1. Return the only residue of Leu47, Leu70, Leu62, Leu12 being assigned to a helix (DSSP H, G or I) and either over 30 Å from Ala165 (Cα atoms) or at pLDDT below 90 (or both).
2. Do we have Leu54 as in a strand (DSSP E or B), at pLDDT 90 or above and not assigned by TED's automatic domain parsing to the domain that holds Gln133 here?
3. Please state which one of Leu234, Leu227 is within 20 Å of the chain's Cα centre (by Cα), crowded, with 19+ Cβ neighbours inside 10 Å, of a type outside the set (S, T, N, Q) and modelled with pLDDT of 95 or more.
4. Please indicate, with yes or no, whether at least one residue in the range 88-98 is within 18 Å of Ala217 (Cα to Cα), buried (at least 23 other Cβ atoms within 10 Å of the Cβ) and in contact with a strand residue (DSSP E or B) (Cβ under 8 Å, 6 or more places away or on another chain).
5. Inside the range 15-29, can you point out the residues that are assigned to a loop (DSSP other than H, G, I, E, B) and either exposed (fewer than 13 other Cβ atoms within 10 Å of the Cβ) or of a type in the set (Gly, Ala, Ser) (or both)?
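The values are calculated or read from the model by the stated rules, or taken from the named source; none is laboratory data. As the structure is a computational prediction, the values presented were derived from the model and not from experiment. Here the Cβ is made from the backbone with ideal geometry for all residues, glycine too, and neighbour counts use every protein chain on show.
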Amino acid sequence: MKEEFLTLTFLLPRHKEEGLPEVLNPWPILGCEVRDASSEVEVTVFLRGAARDLLPKMKGSLESFGARDLTEGSQPEVDWIGEYRHQARPFRVGNRFWIDPHPSSPTSPPGGCIHLLIEPRQAFGTGSHESTQLMLLLLEDRPPVGARVLDVGTGSGVLALAAKALGARWVLGFDVDADAVFVACETIRLHPQWHVRLYAGPSRALAAKPAFDLIMANMLVEQFVPLLPRLRRLLREGGELFLSGLLVGQKEVVAAELAASGFEVKADKELGEWAAVVAWPR
């Protein structure tokens, strides 16, 4: 039986949005959706049905914070991944990649395209997000032919597969999320022509020696910055580091963090509000 979720929708002055997570922190929030509403933002928070008794106190807290027009509602449980799978269509990234979300009924790629079968699951990297597409475009621009490649936070495994398909000699992907590695294993099995090694665990499981010609990390800035000193030790002289998952406005901050860890930015690429950078050891 599907669960029914509670919703609480309200308007909030735009300048208050930054402080909203702190106000919501004491409550058992499952998710939050924020939409523009002229000079305000319209916020909908989602809770389990069992939290209904908490709503009066929660509403009082939000009203004290400046929220108005608070409206309670409900929403049936939705299989969002199933809905996405049903609606998803194959698409091209750059000149080389054809991302196909339907492994059981694949669509033939355009001539010259690498066919990547990436079924939408609960792991990042379906190819639809700009940060993943930026990494694929960097790989297309700078094919890792004959390289030893490390994919940090491999998620679905799409980038590891793309590197192998473009001629990498040896590819290793890892993720601290064991569920993501399970998904990556399933993705790799769909491509028996390309062998990719995987493990679940942290970067410190790797010996701290320069073993890789290319390291890729498609992660949020706050996730990859602490890893930079270790990644520097894992990268060979003359090797390259691809970083994606940063906003265009974060490029200067990331360049400074890279410099502090012994890297220098060599190139960058932008797609919408997202950016990726190429760095190499100084």
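1. Values: Leu47 fails: assigned to a helix (DSSP H, G or I); Leu70 fails: assigned to a helix (DSSP H, G or I); Leu12 fails: assigned to a helix (DSSP H, G or I).
Exactly one residue qualifies, and that residue is Leu62.
2. No.
3. Just one listed residue meets the conditions, Leu227.
4. Initially, the range 88-98 is screened for residues within 18 Å of Ala217 (Cα to Cα), giving none.
Checked the range 88-98: no residue is within 18 Å of Ala217 (Cα to Cα), buried (at least 23 other Cβ atoms within 10 Å of the Cβ) and in contact with a strand residue (DSSP E or B) (Cβ under 8 Å, 6 or more places away or on another chain).
5. Our first condition is that a residue be assigned to a loop (DSSP other than H, G, I, E, B); within the range 15-29, this holds for 25-29.
Residues satisfying the conditions are Asn25, Pro26, Pro28.
So that you can scan it fast, the table gives a plain yes or no per residue for (1) surrounded by fewer than 20 Cβ atoms within 10 Å (Cβ to Cβ); (2) touching a helix residue (DSSP H, G or I) at 6+ places or on another chain (Cβ under 9 Å); (3) in the same structural domain as Gly146 (by TED's automatic domain parsing):
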| position | (1), (2), (3) |
| --- | --- |
| Asn218 | no, yes, yes |
| Val221 | yes, yes, yes |
| Gly238 | yes, no, yes |
| Gln250 | yes, yes, yes |
| Gly262 | yes, yes, yes |
| Ala267 | yes, yes, yes |
| Glu270 | yes, yes, yes |
| Val277 | no, yes, yes |
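Yes/no matrix, rows are residues, columns are (1) small (Gly, Ala, Ser); (2) farther than 22 Å from Ile114 by Cβ; (3) modelled with pLDDT under 95:
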| residue | (1), (2), (3) |
| --- | --- |
| Leu166 | no, no, no |
| Trp170 | no, no, no |
| Met216 | no, no, no |
| Val221 | no, yes, yes |
| Ala259 | yes, yes, no |
| Lys266 | no, yes, no |
